[in-house]
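**Q** A single structure is presented below for examination.
The values are calculated or read from the model by the stated rules, or taken from the named source; none is laboratory data. These numbers were taken from a predicted model, which means no experiment stands behind them. Positions of Cβ are generated from backbone atoms using ideal geometry, with glycine treated the same way; all protein chains shown enter the neighbour counts. Heavy atoms of the whole protein, side chains included, go into the accessibility calculation; ligands, DNA and RNA do not. Shrake-Rupley method; radii C 1.70, N 1.55, O 1.52, S 1.80 Å.
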Amino acid sequence: MSVNTFGHLFRFTTWGESHGPALGATVDGCPPGVALDAAMIQHWLDKRKPGQNKNTTQRQEPDAVEILSGVYEGLTTGTPIQLMIRNMDQRSRDYGDIADTFRPGHADITYHQKYGIRDPRGGGRSSARETAARVAAGGVARAVLGALAPAVQVKGYMVQMGARAIDRSRFDWDAIDGNDFWCPDTTVAAQWEDDLDHLRRKDHNSVGAVIEVVARGVPAGIGAPIYAKLDTDLAAAMMSINAVKGVEIGDGMAVAALTGRENADEIFMGPDGPVYGSNHAGGILGGISTGQDIVLRFAVKPTSSILSPRQSIRRDGTPHEVVTKGRHDPCVGIRAVPVGEAMMACVILDHILLDRGQTGGIRGRIGLPPSA
């Protein structure tokens, strides 16, 4: 069995390949009566689509989404929503040289080992092109969040490319949408521009990145204690994205260097409920949201398809030097930002729906006498 579905109550199944006629997602579990049209989803797809600037792949895809079912007169019906995105700019001939060769660092070899057959054109199902379907599903999730939990806001941005990270003292939320890298530090964004230009043009190489995604306005009490922890599902969501090799919540791996006093987010009583002195936990304790910002980061490996020659083998086991032609992202992390946002939105919505089903929104009282 090949698992292509993600989520508990709000679920989506993606389908299609990089160079097939189309790809898309089937979204199930969407509540009825939510305003939804193609333009609402297209807004998010436009953030991810290729060919928008010189720092991403030059494949020209409009990524125009079509809603085939589940919406009537501008409102969701509660039935499955079928979303389709047609592929318009495939150049399958670019992959003729690697049809029988495995690219180092790529899923070519493991797909062959598992299935005994693979689609070499753009990586087929393993291509990052699949993430367009996720962003479309995330657009549906955002529409539902806007109706059920309008305070929730999800925002992603790059915090590191290669060895060069942002300076948190220069963090500017307003700068994120103003540069090609979705970067909150305009100084380092300019440096990344130069770094990537050198990598692409002179080194014929690629580079990895770290993306941070924040969800604000998530109510306290969302999640579960053990097997469906909010952070468990968030980690699974991000690890399922192509090329992601690591995920951390809050301070993540850095907590190993902290003491208990340093790591404990002290709690105080505010006018509207508990407030915290810090957020080392990333807004989640015991798998359940605290009401603080939910903060996660994921690391994306360098693009495997590069023009630099690398040693590998062919399907018959003979050695072969691989140089991958075609149009590829020198840093796939750039277009991973809207993908991470989409997956965050889907998980948050899924857990809000799960909570409504289990507790009906009832919350433990804090700051009130038991009889109040």
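**Q** Of all residues being more than 20 Å from Arg11 (Cα to Cα) and open to solvent by 10 Å² or more (accessible area, probe 1.4 Å) in region 21-49, which is farthest from the chain's Cα centre (by Cα)? Just the residue, please.
**A** Here the residue is Pro21.
**Q** Test each condition in (1) within 22 Å of the chain's Cα centre (by Cα); (2) on the phi > 0 side of the Ramachandran plot; (3) at pLDDT below 85 for Arg125 and report the one that comes out false.
**A** (2)
A quick yes/no check of all residues on (1) among the polar types (S, T, N, Q); (2) over 21 Å from Met238 (Cβ atoms); (3) assigned to a loop (DSSP other than H, G, I, E, B); (4) modelled with pLDDT under 90:
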| position | (1), (2), (3), (4) |
| --- | --- |
| Cys30 | no, yes, yes, no |
| Gln52 | yes, yes, yes, yes |
| Asn55 | yes, yes, yes, yes |
| Pro62 | no, yes, yes, yes |
| Gln82 | yes, yes, no, no |
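**Q** Let me ask something additional. Can you list the strands (runs of 3 or more DSSP E) lying wholly within region 291-356 that have 1 or more residues being at pLDDT 90 or above and within 22 Å of Thr232 (Cα to Cα)?
**A** Once the strands (runs of 3 or more DSSP E) in region 291-356 are filtered for at least 1 residues that are at pLDDT 90 or above and within 22 Å of Thr232 (Cα to Cα), what remains is 294-300.
**Q** For residues in region 165-179 being out of contact with any strand residue (DSSP E or B) (no Cβ under 8 Å at 6 or more places or on another chain) and open to solvent by less than 50 Å² (accessible area, probe 1.4 Å), which is farthest from Arg335 (Cα to Cα)?
**A** To start, the set of residues in region 165-179 that are out of contact with any strand residue (DSSP E or B) (no Cβ under 8 Å at 6 or more places or on another chain) comprises 167-172, 174-175, 177-179.
With the extra rule that they be open to solvent by less than 50 Å² (accessible area, probe 1.4 Å), the set shrinks to 175, 179.
Working: Ala175: 17, Asn179: 13 Å.
The extreme case among them is Ala175.
**Q** If Asn279 meets every condition in (1) part of a helix (DSSP H, G or I); (2) surrounded by fewer than 17 Cβ atoms within 10 Å (Cβ to Cβ) apart from one, which number is that one?
**A** (1)
**Q** Right, something else. May I ask you to list the residues in region 180-209 that are open to solvent by 30 Å² or more (accessible area, probe 1.4 Å) and touching a helix residue (DSSP H, G or I) at 6+ places or on another chain (Cβ under 9 Å)?
**A** Asp180, Trp182, Thr186, Thr187, Asn205
**Q** Now for a different question. Residues Gly273, Gly260, Gly246, Gly286: which one is within 21 Å of the chain's Cα centre (by Cα) and of a type in the set (Gly, Ala, Ser)?
**A** Values: Gly273 fails: within 21 Å of the chain's Cα centre (by Cα); Gly260 fails: within 21 Å of the chain's Cα centre (by Cα); Gly286 fails: within 21 Å of the chain's Cα centre (by Cα).
Exactly one residue qualifies, and that residue is Gly246.
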